[in-house]
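To keep things clear, I will list the structure first and then write my remarks on it.
The values are calculated or read from the model by the stated rules, or taken from the named source; none is laboratory data. Bear in mind the structure is a predicted one, so any value in this text is a computation, not a measurement. A quick note on method: Cβ atoms are made from the backbone with ideal geometry, for glycine too, and the neighbour counts reach across all protein chains shown. All accessible areas refer to the heavy atoms of the entire protein, side chains included, with ligands and DNA or RNA removed. Shrake-Rupley method; radii C 1.70, N 1.55, O 1.52, S 1.80 Å.
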Amino acid sequence: FEIIRNIQDPEHPLTLEQLAVVSRKQVEVFDVLDVPESERDEFTLSTLEVRFTPTIPHCSMATLIGLSIRVKLLRSMPSRFKVTVRIEPGSHASEHAVNRQLADKERVCAALENKHLLGVVNKCIKDGMSGNMK
């Protein structure tokens, strides 16, 4: 939660935490290193799941918010973590479509190849980290 709480919303000069888009209870972490080695098997993965709540049910920025969360986590967490970012169930009109986009690695990579979109994501992450809420 500490990693994503200060990401700036793309439309508002506030953080995702300030807008109640993310909260501690919406972040679930399972680290395989917390399991005794004798109890691990080759299929046990470290996982990190974040559910977020868009500000309104028809929020046009939901995919961009989810992408910003995903990028920040992928850049910040050790590579052993499988990162999943989803919309909080029932909180968005296009929940299924947005979740499908955020889970599709090829779509995420393609989105990040768009210089403008990558710039917006980087700004949300950068401003959130430095406190430059403009």
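List of remarks:
- Residue in the range 13-23 that is part of a strand (DSSP E or B), open to solvent by less than 90 Å² (accessible area, probe 1.4 Å) and over 22 Å from ALA93 (Cα atoms) present: yes
- Of VAL50, VAL121, all but one fail to be surrounded by 16 or more Cβ atoms within 10 Å (Cβ to Cβ), among the hydrophobic types (A, V, I, L, M, F, W, C) and not in a helix (DSSP H, G or I); the exception is VAL50.
- Checking each residue in the range 44-73 for being in contact with a strand residue (DSSP E or B) (Cβ under 6 Å, 6 or more places away or on another chain), within 18 Å of ALA111 (Cα to Cα) and either at pLDDT below 95 or β-branched (Val, Ile, Thr) (or both) picks out only ILE69.
- Meets criteria (under 11 Å from the mean Cα position of the chain (by Cα) and under 23 Å from ILE125 (Cβ atoms)) for ARG86: yes
- Residue-level check: of (1) out of contact with any strand residue (DSSP E or B) (no Cβ under 7 Å at 6 or more places or on another chain); (2) closer than 21 Å to ALA103 by Cβ, HIS12 misses just (2).
- Residue pairs meeting the criteria (Cβ under 7 Å; at least 6 apart or on separate chains; first under 14 Å from LEU112 (Cβ atoms), in the range 62-80; second open to solvent by less than 30 Å² (accessible area, probe 1.4 Å) and part of a loop (DSSP other than H, G, I, E, B)): SER68/ILE7; ILE69/ILE4; ILE69/ILE7; LYS72/ILE4; LYS72/ILE7; LEU73/ILE4
- Test: residue in the range 67-87 that is open to solvent by 50 Å² or more (accessible area, probe 1.4 Å), over 22 Å from LEU45 (Cβ atoms), among the small types (Gly, Ala, Ser) and in a loop (DSSP other than H, G, I, E, B): no
- Residue pairs meeting the criteria (Cβ under 7 Å; at least 6 apart or on separate chains; first small (Gly, Ala, Ser), in the range 91-116; second part of a helix (DSSP H, G or I)): ALA111/LEU67; ALA111/LEU117
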